[in-house]
Amino acid sequence: MLWRSCASLRRVKLTLIRHATLRVEVAGHTLLVDPQLDPAGARPPVPNTFNPRNNPLVELPLPAEQVVEGIDAVLVTHLHGDHFDETAKRLLPRDLPVFCQPQDAERLHADGFIDARPVHNDATLGDLLIARTDGRHGTGEIGEQMAPVSGFVLHAPGEPSVYIAGDSILCDEVLAAVEEHRPAAIVVNAGAARFTTGDPIVMDNDDVVELARAAPNAQIVAVHFETVSHSTETRSDLRERLHEDGLTDRVAVPEDGSEVPLERSSA
């Protein structure tokens, strides 16, 4: 909710909507991240998964029209359907700035978003610097098929930095981004989503714990739970693990619709 670790830092507000969808208020702007706004059950099951159910599994905590109210720009880490869906395409104004990885700009333009802005290295929105980072959406052949994916680090003068890692396992690219940017907060997509073959395609509980230990000055925020049927770990699973490892004060596991207190500043 508030950044309180340094009196000189202005407030940054982060709200989890559902899954990986966030509203972030930073540098005087309100950003919408990875808008998945479809109603529950609107989409078919993810193929080749252990729990084939229509997705999303749960409703939004507020109407989709309210989610997009007052948005100044959108950040899209990649264009898989659970991160930018048909309802988002319908509701978002076509002239809204949409920051994306370079590989996705052409498709966004084709969808009518005339201000799609590919981020090669970094981009700006007023005083806000948006730095793109790399990730790995799984291992081996599955990871290659799921690629490319990106994350973004948000930097603004006098405000703590926020690293949105995107759909990535814990990998060298994520650790390099943490080392380079030293974010005050790191938002990770957890839940150990996977197919019937292969390893998880996003972070599992082990990854979250390892990242928290690798970035001891950062507040970790774990999202991406209990919305799409290929997730195999729940919020309760992670909270239990964090309790066992003494990390409950370092890692937040928010419910849908809740504001997240980001209290640490990275040195």
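Just for region 98-136: of the residues that are closer than 26 Å to PRO56 by Cα and in a loop (DSSP other than H, G, I, E, B), which one is most open to solvent (accessible area, probe 1.4 Å)?
ARG136
What pairs come out if I take residues in region 175-187 that are farther than 16 Å from ARG11 by Cα and pair them with residues that are among the acidic types (Asp, Glu) whose C-beta lies under 8 Å away, six or more apart or interchain?
From residues that are farther than 16 Å from ARG11 by Cα, the pairs are ALA177/ASP134.
For the list (1) within 18 Å of the chain's Cα centre (by Cα); (2) of a type in the set (D, E, K, R); (3) within 21 Å of ARG132 (Cα to Cα), I need the number of the one condition that GLU159 fails.
Checking GLU159 against (1) within 18 Å of the chain's Cα centre (by Cα); (2) of a type in the set (D, E, K, R); (3) within 21 Å of ARG132 (Cα to Cα), the one that fails is (1).
Would you check which residues across region 176-199 are surrounded by fewer than 24 Cβ atoms within 10 Å (Cβ to Cβ), farther than 22 Å from GLN145 by Cα and not small (Gly, Ala, Ser) and list them?
VAL178, GLU179, GLU180, HIS181, ARG182
Any idea which residue in region 111-169 is farthest from ASP204 (Cα to Cα), counting only those that are of a type in the set (Gly, Ala, Ser) and in contact with an Asp or Glu (Cβ under 7 Å, 6 or more places away or on another chain)? Write out each step before concluding.
Step one: list which residues in region 111-169 are of a type in the set (Gly, Ala, Ser), which gives 112, 116, 123, 126, 131, 135, 138, 140, 143, 147, 150-151, 156, 158, 161, 165-166, 168.
Filter again for in contact with an Asp or Glu (Cβ under 7 Å, 6 or more places away or on another chain), leaving 131, 135, 138, 150, 156.
Numbers: ALA131: 25, GLY135: 15, GLY138: 11, SER150: 18, ALA156: 30 Å.
Among them, the one singled out is ALA156.
Residues are listed down the side, and each one gets a yes or a no for (1) farther than 30 Å from ASP122 by Cα; (2) open to solvent by 60 Å² or more (accessible area, probe 1.4 Å); (3) modelled with pLDDT of 95 or more; (4) not in a strand (DSSP E or B):
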| position | (1), (2), (3), (4) |
| --- | --- |
| LEU9 | no, no, no, yes |
| THR15 | no, no, yes, no |
| LEU37 | no, no, yes, yes |
| PRO47 | yes, yes, no, yes |
| VAL58 | yes, no, yes, yes |
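Kindly indicate the residue of region 225-264 that is hydrophobic (A, V, I, L, M, F, W, C), at pLDDT 95 or above and more than 30 Å from THR197 (Cβ to Cβ) and also surrounded by the most Cβ atoms within 10 Å (Cβ to Cβ) among those meeting that condition. I'd like the intermediate steps shown before the answer.
The initial filter retains those residues of region 225-264 that are hydrophobic (A, V, I, L, M, F, W, C), namely 225, 228, 238, 242, 247, 251-253, 260, 262.
Next cut, at pLDDT 95 or above only: 225, 228, 238, 242, 247, 251-253.
In the following step, the residues that additionally are more than 30 Å from THR197 (Cβ to Cβ) were identified as 247, 252.
Working: LEU247: 16, ALA252: 21.
That would be ALA252.
Being within 24 Å of GLU173 (Cα to Cα) and open to solvent by 50 Å² or more (accessible area, probe 1.4 Å) narrows it down to one residue among GLU144, GLU69, GLU86, GLU65; which is it?
Numbers: GLU69 fails: within 24 Å of GLU173 (Cα to Cα); GLU86 fails: within 24 Å of GLU173 (Cα to Cα); GLU65 fails: within 24 Å of GLU173 (Cα to Cα).
Residue meeting the stated conditions: GLU144.
Taking the condition basic (Lys, Arg), surrounded by fewer than 18 Cβ atoms within 10 Å (Cβ to Cβ) and out of contact with any Lys or Arg (no Cβ under 6 Å at 6 or more places or on another chain), does ARG213 pass?
Working: basic (Lys, Arg): yes; surrounded by fewer than 18 Cβ atoms within 10 Å (Cβ to Cβ): yes; out of contact with any Lys or Arg (no Cβ under 6 Å at 6 or more places or on another chain): yes.
Yes: the conditions hold for ARG213.
The values are calculated or read from the model by the stated rules, or taken from the named source; none is laboratory data. Just so it is clear, the model here is predicted, and its values are computed rather than measured. Note that we place each Cβ from the backbone using ideal geometry, even for glycine, and neighbour counts take in every protein chain shown. Please note that ligands, DNA and RNA were not included when accessible areas were found on the heavy atoms of the full protein model with its side chains. Shrake-Rupley method; radii C 1.70, N 1.55, O 1.52, S 1.80 Å.
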